[in-house]
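These notes concern the structure reproduced below.
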Amino acid sequence: MKRVLILCCVLLSQYLYGQPIVNRGNIWNLETKNAVYQLRIDNGRIYPTYFGDIAAASTDHIQDRIRPNSPHTLEEIPVRGSFADKMPVVEAVFPDGVRDIELKIDKISVQTIDSKETLVIETSDRHYALAVTQYISVIPDCDMFEKWITATNTSKSRKFNIKIDNLLSGSLYMTPDRYFLTHHSGQWLREFGHRKTELTGGIKTLQSRDFMTFANTPWAMISTPNDTGVWYMQVQYSGNWRLDIEQTHNGSLQIVGGINFWDTSLDLNPGQSHTTPKMNFGYAPEGEQRATQSIHRYVRQHVMNPSTTNKIRPVLYNSWYATTFNIEENQQLEFAKIAKEIGIELFVIDDGWFKGRKNDRAGLGDWSVDTNKFPNGLSPMIGRINETGLDFGIWVEPEMINENSDLYRAHPDWILEFPNRTKDTWRHQLTLNFAREDVYQYIYKSMRELLANHNIKFIKWDRNRGLSQPGWSSVAIEKQREVRIRYIENLYRMIEELRAEFPDVIFENCSSGGGRPDLGMLARMEQTWTSDQTDPIDRLYIQYGYLSCFPANTMVCWTSGTDVHKAGITLEFAFDVAFQGVLGIGNNISRWSKEQREIAARKIAQYKEIRHLIQNGIVSRLQSPFEGNRVAIQYTSESGDESVVLCYNLAEVVDGATSDALQSQRLKLDALQPDTTYQVGDKSFTGKYLMEIGLPWTLKGSYKSCVINLKAVK
Ligand code: DGJ
């Protein structure tokens, strides 16, 4: 059945967009709806010649052949070897000490892999037993390509070990131009800052070296000043990753991405292979809006789990910001009662529920309930919460340990550490060495038992520190630098095993807020706690940035008490900001007045009316907080028959003032059907009018918001 389905997808895609991979003589064109990735074979070598607008597919694009200061042309699989005039994607050391690679092409074929047409370029070293295969899949309707590499030690001799110093997912080449880079720049509580900068000669590196992705996320966009076209790329990995963008003096770009091999190496024994994570990349001729929409479509259709990607996410309540660690049964039951009254569907208990967890100094690692706080265990409380009609969810931080825990007292050697080096704690915690099988089995069993013994429908998987002292002294020295890669392999394995056994449980990727937002996690968890920052104004920036490369139904947004009313911000405004993704409430609802509860009930009901559009619609970011003092985001059904626009004023725009004149007085909409008539309040307009002339911007005053509904008139 699955095979028939895959064949139908391939045939439908070919019918709609033509053959995605076309071979003409020595040229290979990989084509999506709007883009082409072109390769050329010359003298037994394969070169990237063009990546960009599909219009160029008809020509055999001749790249400017020589890179400055070098007699060579950049190859499709650049390796460490010969002149150091490129960024290599494969670097290896052979047993005799040779550190140069020379690849020859063995075979080029087109295969269907995971229902995608894929160019498979098989190469091997001219002398040594190393095979390197580059895969490039084409996803025409999403304007997306995927690259990854498998390196194999093909030796039959038991002694022939190859040390891999670097193995990235792939390299991209772009013809000379003046280029700008858009990327995320941030820190904890200020994640996803949307930054654009001109590239100049040299290498710009976006990366993670401690498993944390607050500073940059594994995503980038490239644009030129004279053109609306936008290139985009993402590394699908949750450990250390890197994206390097090198501009040469003549303006050409080379971009490489994948696992960050900084302080990492792999020992490939005879017969062993290593496959990189994917790097996806694409081109949108119409600018960032379309690029973002293509990325969202791709992530939802090709990265996320098909069984959860379109499922409507429930509205949740979590008392973390109201109570922190001070939780107990009766208090949680009181919250649950109010939560039910205002329309919440999922009740989540956060940090503090397990043994010894009075504060952040103790307890991590001991995943049994704290009977001081919950004398009857969790199940009676969960039962009473379920009786009110709410599902129950729980917080865990499986990868971490406190020194003050039974687990640490029993297994002090289970952490990442170097002998004779100071152990750095962060939030009083150390990192468990997830590369170890005994650690894996213990934590897996703890999580499995938690889920098997309680009616839990939601897991918030937190991780509150970056790596330090990444030592793994219990394995042979040549394996020790694999620790980060093996850690992530086991992390993925654990999530996959738990999900397979508990398919109805929703998983949320937390990590101190936006500390691990990437497609590796989104392939395994359906939503992300976007940031620990819940101030609605900061959230407007953070959420706008998040949506650059992650879909709205993965973006968890809460209202939370502390900042509302600051600077005149109302609860309604906080709700409208939290409407942008998956709605949650984090306030101390037991302190809410009757009026506040009524507002919350009304807003939650309103969200439920529009959440199918917000969570599953096409997202159009119409006005950016990074460019002015207004924000507008539109969400439209795939068919274009329904749409909702969320609008916000930041600081006051004074009528007639200079700042006012800088702003357009109209809001042009997107993604509608031009010839369809839409009802907007008591007026009606055609889609063409709304997209080309737009609606007047009616919000007046600071920190005001509104929700505009559009419906096609049948
Ligand atoms: C960090 C998370 O982002 C918060 O939401 C909360 O779960 C705390 N950790 C709990 O320790």
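Every number in this text was worked out from the coordinates using simple rules, so none of it is lab data. The structure displayed is predicted, hence computed values, not measured ones. Virtual Cβ from ideal backbone geometry, glycine too; neighbours counted across all protein chains shown.
Given a Förster distance of 45 Å, report the FRET efficiency between Arg45 and Asn310 from their Cβ-Cβ distance, rounded to the nearest 0.05.
Numbers: r = 44 Å, r/R0 = 0.98.
Rounded to the nearest 0.05, the efficiency is 0.55.
Can you tell me how much longer the chain between Asp641 and Asp227 gets when fully stretched, taken as 0.36 nm per residue apart minus their C-alpha distance, in nm with one decimal? Provide the component values of the computation, followed by the final result.
Values: separation 414, 0.36 × 414 = 149.04 nm, distance 3.11 nm.
So the extension gain works out to 145.9 nm.
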Please name which of Leu710, Pro551, Phe214 has its Cα lying farthest along the dipole of the chain towards the positive end, using unit charges on Cβ (Lys, Arg +1; Asp, Glu -1) and the Cα centre as origin.
Pro551
Cα-centre dipole for the stretch 130-272 with unit charges at Cβ (Lys and Arg positive, Asp and Glu negative), debye to 20
460 debye
Quick one: check the C-alpha center-to-center distance for the stretch 109-126 versus the stretch 496-564, whole angstrom.
34 Å
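For Arg409 and Ser368, what does the FRET efficiency come to when R0 = 25 Å and r is the distance between their Cβ atoms, rounded to the nearest 0.05? Intermediate values should be presented prior to the final figure.
Values: r = 15 Å, r/R0 = 0.59.
Plugging the Cβ-Cβ distance into 1/(1 + (r/R0)^6) gives 0.95.
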Round to a whole angstrom and tell me the spacing of the C-alpha centers of the stretch 574-613 and the stretch 198-239.
35 Å
J(HN,Hα) series, the stretch 474-480, from Karplus relation 6.51 cos²θ - 1.76 cosθ + 1.60, nearest Hz, glycine and proline x
7, 10, 4, 4, 6, 9, 5
State the answer as a single residue: which of Ser368, Phe354, Ala336 lies farthest towards the positive end of the charge dipole of the stretch 234-380, with beta carbon charges of +1 for Lys and Arg and -1 for Asp and Glu, about the Cα centre.
Ala336
Could you pull out every residue, at least 5 positions away or on a different chain, whose amide H is within less than 5 Å of the one on Gly170? Hs are placed 1.01 Å off N in the peptide plane, and Pro or chain starts have none.
Gly257
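If the viscosity is 0.692 mPa s and the temperature 37 °C, what Stokes-Einstein diffusion coefficient in µm²/s follows for the stretch 417-459 when Rh is the Kirkwood radius over Cα pairs?
Values: Rh = 12.8 Å.
Answer from the Stokes-Einstein relation: 256 µm²/s.
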In square nanometres, what is one fourth of the surface area of the convex hull spanned by the alpha carbons of the stretch 317-425?
7.4 nm²
Return the sequence-ordered ³J(HN,Hα) values of the stretch 510-526 in whole Hz as given by the Karplus equation 6.51 cos²θ - 1.76 cosθ + 1.60 applied to θ = phi - 60°, using x for Gly and Pro.
9, 6, 6, x, x, x, 8, x, 7, 6, x, 6, 5, 5, 10, 10, 7
Report, in debye and to the nearest 20, how large the dipole of the stretch 380-493 comes out about its Cα centre when Lys and Arg carry +1 and Asp and Glu carry -1 on their Cβ.
180 debye
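Give the value in nm², to one decimal: projected area of the alpha carbon convex hull of the stretch 209-311, averaged over all directions. Mind dumping the intermediate values first?
On the way: hull surface 40.0 nm².
Orientation-averaged projected area of the Cα hull: 10.0 nm².
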Find out how many positive minus negative residues lie around Glu627, taking Lys and Arg as positive, Asp and Glu as negative, among other residues whose Cβ is under 11 Å from that of Glu627.
+3
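Could you size up the charge dipole of the chain around its Cα centre, putting +1 on the beta carbon of Lys and Arg and -1 on that of Asp and Glu, and report it in debye to the nearest 20? Could you put the intermediate results ahead of the total?
On the way: 79 positive and 85 negative charges, 69 e Å.
Result for the chain is approximately 320 debye, rounded to the nearest 20.
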Need one number: nm distance between label points at Asp504 and His249, each 7 Å from Cα along Cα→Cβ, rounded to one decimal.
6.7 nm
Calculate the all-directions average of the projected area of the stretch 154-237's alpha-carbon convex hull, and give it in nm².
8.5 nm²
Starting from 0 in steps of 20 Å, tell me what percent of the Cα-Cα pairs of the chain lands in each bin.
17, 48, 31, 4, 0
Between Asn23 and Ile105, what length in nm is gained on full extension when 0.36 nm per residue of separation is reduced by their alpha carbon distance?
27.9 nm
What number, rounded to the nearest 500 deg cm²/dmol, is the helix-based mean residue ellipticity at 222 nm of the chain, given -39500 (n - 2.57) per DSSP H run of at least four residues and division by all its residues?
-6500 deg cm²/dmol
With θ set to phi - 60°, apply the Karplus curve 6.51 cos²θ - 1.76 cosθ + 1.60 along the stretch 128-140 and write out the HN-Hα couplings as whole Hz, x wherever there is a Gly or Pro.
9, 7, 10, 10, 10, 10, 9, 10, 9, 8, 10, 10, x
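State which entries of Lys107/Lys163; Lys355/Lys460; Lys608/Lys668; Lys457/Lys594; Lys33/Lys104 exceed 23 angstrom in Cα-Cα distance in the structure shown.
Working: Lys107/Lys163 25 Å; Lys355/Lys460 18 Å; Lys608/Lys668 26 Å; Lys457/Lys594 30 Å; Lys33/Lys104 32 Å.
Exceeds cut-off: Lys107/Lys163; Lys608/Lys668; Lys457/Lys594; Lys33/Lys104.
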Using 0.36 nm per residue of separation minus the Cα-Cα distance, give me the extension gain between Asp438 and Val98 in nm, one decimal.
118.7 nm
Rg(Cα) of the stretch 560-668 divided by 2.2 N^0.38 Å?
1.20
